1. Any chance segment 7-29 includes a residue that's at pLDDT below 95, polar (S, T, N, Q) and more than 23 Å from Thr202 (Cα to Cα)?
2. So which of Val74, Val25 is assigned to a strand (DSSP E or B), among the β-branched types (Val, Ile, Thr), within 12 Å of the ligand (Cβ to nearest atom) and closer than 23 Å to Tyr107 by Cβ?
3. Within segment 106-118, can one find any residue that is within 16 Å of the ligand (Cβ to nearest atom) and assigned to a loop (DSSP other than H, G, I, E, B)?
4. With respect to the numbered conditions (1) basic (Lys, Arg); (2) within 12 Å of the ligand (Cβ to nearest atom); (3) within 20 Å of Thr218 (Cα to Cα), which one is the sole condition not fulfilled by Arg84?
5. Restricting to segment 113-163, name every residue that is farther than 9 Å from Ala177 by Cβ and either aromatic (Phe, Trp, Tyr) or not assigned by TED's automatic domain parsing to the domain that holds Val34 (or both).
6. For segment 124-164, which residues satisfy the criterion of being surrounded by fewer than 16 Cβ atoms within 10 Å (Cβ to Cβ), more than 13 Å from the ligand (Cβ to nearest atom) and touching a residue at least 12 places away in the same chain (Cβ under 8 Å)?
7. Looking at (1) within 30 Å of Pro102 (Cβ to Cβ); (2) of a type in the set (D, E, K, R); (3) at pLDDT 95 or above; (4) surrounded by 13 or more Cβ atoms within 10 Å (Cβ to Cβ), which is the one condition that is false for Arg273?
8. From Ala37, Ala61, which residue is at pLDDT 95 or above and either of a type outside the set (A, V, I, L, M) or away from the ligand (no atom under 11 Å from the Cβ) (or both)?
Amino acid sequence: MTHIVIWLLMASSIYAAEGPRILIVTDLEGVGGVNNAEEQLLPGQRRYEESRRLLVGEVNAAVEGAVKGGAREVVIWDGHNGSRTLSIDEIHPRAKLIQGRPTPANYYLQDKLYDGILFVGQHAMAGAKNGVLAHSQSFNVQNIFLNGKPVGEIGQVAAIAGYFNIPVIMLAGDEAACEELLALQPKAETVAVKRLAGKGSTLSLSHSEARTQIETKTRRAVEHIREFAPWKIEGPVELKFEYYPETPGATSAELSRDEHKQVSPRTVTYRGRTVLEAFEQWLGK
Ligand SMILES: [Zn+2]
C-alpha cells in the first residue's frame, strides 16, 4: 500500500471514530399540523401545547437519525418565540440545548464548529409562494435582501454558516421551505411534513410518518456529510430589511445614514466586509 492509501484509511477511521458534530435549528411554524397563528404558536393559545409536543417529536426524530448516522455531538438551538419553546426534560438524551436571548451575530457558530446544520419545523420566507405561516423574523418584514438576493431565515442561517465553512445538510418543514433550502444547498435532504392546501389550510403527514421520514433523511444526510459544500457569499455584504408600508420599520427620529447602517422609512440596511460583519451591524457585537 502506498503511504497515501494508508493515510486515507487512517483519516477515514479517525473520522468514523469521532463522527460529525451537528447543530439542529428549530422553529414552530414549519412543524407538521401547525397552520394557525391564533391558536398554535404562542403560550396560552388553545393548541400551543400540542404544537410543542409535535415539535419535540420531530426534533427528537432528527437527533435519533443523526446519532444513527454516526454523529458524535448533536446540539439543538431553540429558535421559536425568543428561544424559549423547548425543555431539557423532553429532548433526546444524546442532545444538548441552546436557549436564551439575544441571538449573537455569529449564531453560536465558529469556524467548522459543526460539520453540518439541520432545520426542523422551518417555514419559508415572507411572501413565499405556497408558504405556510411564511415570514422573515417578524410578520412586519416584507423582504430581506442579502447582496440583492431575497432571503428568509433559511438563507440567513445558511449564509452565516457558510461564512464559518459549515453546510446546511437537511431541512424538515413545509414544502415551500424545502424548496427554499434546495435553491441554496441543492444536495440537502428535505422532508416536506406539510404543504399549503388552501388559503390558510394545510395537508400534513401524520406525526408518526413525519418522524420516520425525518429520522431516515437525517441519518442519510449525516452519513453523506462530507459531500456537502457550504454556501459562500463574497464580500462586501449588504443586508437589507424592507418593512410593509403599514408597519414602518423606522420612525423619522431614527432616520440616519452612516457607513454601516442606513435607515429610511421602510428599509434598514446593514453593511460589512463579510457576512459576519453585516450581521454584527444588525445584531450587535
Ligand atoms: Zn417561529
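1. Yes, some residue in segment 7-29 is at pLDDT below 95, polar (S, T, N, Q) and more than 23 Å from Thr202 (Cα to Cα).
2. Val25
3. Yes - at least one qualifying residue is present in segment 106-118.
4. (3)
5. Tyr114, Phe139, Phe145, Tyr163
6. The answer is Gly127, Lys129, Asn130, Asn140, Gly148.
7. Tallying (1) within 30 Å of Pro102 (Cβ to Cβ); (2) of a type in the set (D, E, K, R); (3) at pLDDT 95 or above; (4) surrounded by 13 or more Cβ atoms within 10 Å (Cβ to Cβ), Arg273 fails exactly one: (4).
8. Exactly one residue qualifies, and that residue is Ala61.
The values are calculated or read from the model by the stated rules, or taken from the named source; none is laboratory data. Bear in mind that the values here come from a model prediction, so they are computed numbers and not experimental data. Virtual Cβ from ideal backbone geometry, glycine too; neighbours counted across all protein chains shown.
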